[in-house]
Structures are given as structure tokens and as C-alpha cells.
Amino acid sequence: MPLNRGGRGCEVAFEQFLNTGEARRRPSKWRALTYTISVLFHGGLLVAALIRSFWHVDELQPPGVPVTFMSSRLVPPPPPPPAMAKKTSPVVKPKVPTPVRPNVAALVQPVEVKPDPPADEAEGSADGVEGGSADGVAGGVVAQAPPPPPPPPPKPKEDPRPIMLPPNVGQGYRVTDINDPRFRPSLPPPLRRAGMMVWGLFRICVSTEGHVSEVKVLKSADALVDDDWLATIRRWEYRPYSLDGRNIPFCHAARISVTAQL
């Protein structure tokens with residue numbers, strides 16, 4: 001019996017424990033209602049705060065900067081003076097004088113009055129000559145004035161400054177045949193026997209008539225031939241160089257070479 005009583009007591013205690021746990025786990029209706037109201041209230045507050053934050057936006061005012069405009073008061077220029085009215089002067093026609101015809105009948109031809117000759121000429125000698133001097137020799141003749149001196153000869157027209165032509169152009173105006181032995185530079189016997197080839201560079205200036213006026217050695221050929229070649233070149237003839245219808249002197253460089261013929 002005691003065992004049965006004890007077992008029954010345990011069963012009762014265990015049932016009470018289960019009932020108490022279920023009672024704790026099951027919330028009451030008021031508690032659920034309170035939770036619901038609290039959640040709705042706080043949610044409403046949150047929504048209201050969001051709506052107010054979007055609805056009421058504080059406008060930020062930019063800082064004001066005082067700006068002072070200073071302008072000078074421009075005074076307009078005075079108006080131009082009124083144009084002066086042009087005075088129109090009346091046109092006065094010039095009076096044309098009426099030509100007066102001279103009275104031909106009233107004109108008298110003037111009489112030429114010859115002055116009296118001086119006393120010396122009035123008492124001249126019978127042997128004198130008209131136009132002679134009072135203190136001259138009787139029977140002499142009137143001296144004639146010497147003839148005027150001849151006019152000075154005209155000054156020769158100076159040639160303009162010569163122009164420098166290229167070597168091929170200047171040589172094209174040469175009319176002298178340099179293959180002619182009379183006008184071709186030659187070598188002296190010592191250089192000819194040695195079989196040498198000698199060359200030199202010269203500047204040749206030609207006048208307006210085509211004559212060689214000046215020859216200058218630019219590159220000496222040899223001391224034995226320079227003078228002889230200069231004399232030969234001075235005998236060359238050229239065609240005059242014409243520019244704008246008038247002859248102009250010119251100069252050109254010429255290279256002359258001679259080879260000894262053995």
C-alpha cells in the first residue's frame with residue numbers, strides 16, 4: 001500500500017508540473033493584445049517620423065555676400081553745335097565791257113625825232129670811216145671783233161656699271177674664233193718642250209661697243225704666260241650686250257687652258 005500511495009503521488013506531482021509548464025507557455029489574451037498594440041504604436045510613430053522627415057525639409061540659405069556696385073555716372077557729351085546755314089550769295093554776272101572802237105581818223109603817226117650827233121662826230125674827218133673811233137688814225141680800218149671761241153666738245157657718255165654674266169653666257173657673245181692661232185693663247189718654248197698643260201682663270205670685261213676693256217687675272221696660269229695671254233685676250237671681240245634697247249657693258253669669267261702639242 002505505501003508503494004502504491006507513493007506512486008500515485010508522483011503521478012499527481014508530474015501532472016501538475018506539466019500543467020504549470022503549459023500554463024507558462026500559453027500567453028494570456030491580454031498579453032497578446034498588449035504586444036499587438038505596442039507594435040502598432042511604435043510602427044505608427046516610425047512611419048510618422050519618416051513622413052515628417054520627407055515632408056518638412058529645411059531649406060539651407062546660402063551665406064549672403066554683400067556686393068557693392070560702383071559705377072561712375074557718365075555724363076553724356078554735349079550735343080554738336082547746329083550746322084551753320086550756308087549763306088547763299090547772289091550770283092553776280094560779270095559785266096562785259098562794251099568794246100570801244102578807236103577813232104581811226106583821230107590817230108596820228110608819231111614822228112621819229114633823231115638826236116643831234118655829238119660835237120666830236122659832227123666835226124669828223126673827211127677820210128674817216130663810219131663806225132671809227134675819234135682818236136683813230138686817218139686812213140685806217142675799223143677793227144673787227146675776234147670770233148667767239150668754239151664750244152667745248154661734248155663730254156663722252158659714261159658707260160653704266162658693267163653687269164656680271166655667267167661664264168657660258170658671256171662666252172656666247174664672243175665673235176672671235178679662239179682656234180685661230182692669232183687669237184689663241186700659246187705656250188713659250190720651255191713649257192711647250194716639257195709637254196705641260198697650263199690653265200688660268202681670267203675676268204674679262206667688255207664695253208658697249210664689244211671691245212675688251214679690262215682683263216684681270218683671277219688664277220695665274222704661269223708667270224711665263226700671264227702677260228702674253230692678257231695681250232691676246234685684249235684683242236678679242238664680242239657682240240654688244242643689249243638690255244631694254246640699250247647696250248650695257250658686261251664682265252664674265254673665262255677658264256683658258258692650253259696643252260703643249262709635241
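The values are calculated or read from the model by the stated rules, or taken from the named source; none is laboratory data. Quantities reported herein were computed from a predicted structural model and do not represent experimental measurements. Virtual Cβ from ideal backbone geometry, glycine too; neighbours counted across all protein chains shown.
Does the stretch 177-199 include one or more residues that are in contact with a Phe, Trp or Tyr (Cβ under 8 Å, 6 or more places away or on another chain), surrounded by 18 or more Cβ atoms within 10 Å (Cβ to Cβ) and within 25 Å of residue 161 (Cα to Cα)?
Taking every residue of the stretch 177-199 in turn, none turns out to be in contact with a Phe, Trp or Tyr (Cβ under 8 Å, 6 or more places away or on another chain), surrounded by 18 or more Cβ atoms within 10 Å (Cβ to Cβ) and within 25 Å of residue 161 (Cα to Cα).
What's the number of the only condition in (1) at pLDDT below 85; (2) assigned to a helix (DSSP H, G or I) that residue 143 fails to meet?
Answer for residue 143: the failing condition is (2).
Out of all the residues in the stretch 150-167, is one or more on the phi > 0 side of the Ramachandran plot, in the same structural domain as residue 247 (by TED's automatic domain parsing) and either modelled with pLDDT of 85 or more or not in a helix (DSSP H, G or I) (or both)?
No, the stretch 150-167 contains no residue that is on the phi > 0 side of the Ramachandran plot, in the same structural domain as residue 247 (by TED's automatic domain parsing) and either modelled with pLDDT of 85 or more or not in a helix (DSSP H, G or I) (or both).
Quick one: residue 214 ticks every box in (1) part of a strand (DSSP E or B); (2) out of contact with any Cys (no Cβ under 8 Å at 6 or more places or on another chain); (3) among the acidic types (Asp, Glu) except a single one, so which number is it?
(2)
When only residues in the stretch 232-262 that are surrounded by 15 or more Cβ atoms within 10 Å (Cβ to Cβ) and either among the β-branched types (Val, Ile, Thr) or under 16 Å from residue 177 (Cα atoms) (or both) count, which is modelled with the lowest pLDDT?
Here the residue is 258.
Identify all residues within the stretch 188-209 that are under 7 Å from residue 260 (Cα atoms) and either under 58 Å from the mean Cα position of the chain (by Cα) or at pLDDT 80 or above (or both); write none if there are none.
Hits for the stretch 188-209 are 196, 197.
Determine whether the stretch 217-231 contains at least one residue that is closer than 20 Å to residue 167 by Cβ, among the hydroxyl-bearing types (Ser, Thr, Tyr), under 47 Å from the mean Cα position of the chain (by Cα) and surrounded by fewer than 16 Cβ atoms within 10 Å (Cβ to Cβ).
yes
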